[in-house]
Amino acid sequence: MNEKLCSSKLAVAILTLNERDTISACMARIPAKFPVYVIDSGSSDGTAVQARALGATVIESQWLG
């Protein structure tokens with residue numbers, strides 16, 4: 001498989017709600033070449049702040065489903 005093609009086409013999305021205590025371990029398992037998007041559903045524990053500090057793009061959105 002073409003490594004360059006894969007790294008430019010794949011990303012990781014993580015759905016969260018109050019996962020500050022586990023987001024670091026989760027993101028540590030994701031290869032650095034993949035962009036990470038955390039979709040946070042209104043956490044009150046600092047999940048979004050922690051995810052941003054770890055390099056994720058955070059999208060804050062209320063849970064719709």
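Has region 39-62 got any residue that is modelled with pLDDT under 95, hydrophobic (A, V, I, L, M, F, W, C) and either touching a helix residue (DSSP H, G or I) at 6+ places or on another chain (Cβ under 6 Å) or exposed (fewer than 11 other Cβ atoms within 10 Å of the Cβ) (or both)? No, because not a single residue in region 39-62 is modelled with pLDDT under 95, hydrophobic (A, V, I, L, M, F, W, C) and either touching a helix residue (DSSP H, G or I) at 6+ places or on another chain (Cβ under 6 Å) or exposed (fewer than 11 other Cβ atoms within 10 Å of the Cβ) (or both).
Taken over region 1-32, the criterion of being basic (Lys, Arg), at pLDDT 95 or above and loosely packed, with under 10 Cβ neighbours inside 10 Å is satisfied by Arg29 alone.
The values are calculated or read from the model by the stated rules, or taken from the named source; none is laboratory data. Just so it is clear, the structure is predicted and the values come from calculations on it, not from any experiment. In this analysis, Cβ positions are derived from the backbone assuming ideal geometry, glycine residues included, and neighbour counts consider all displayed protein chains.
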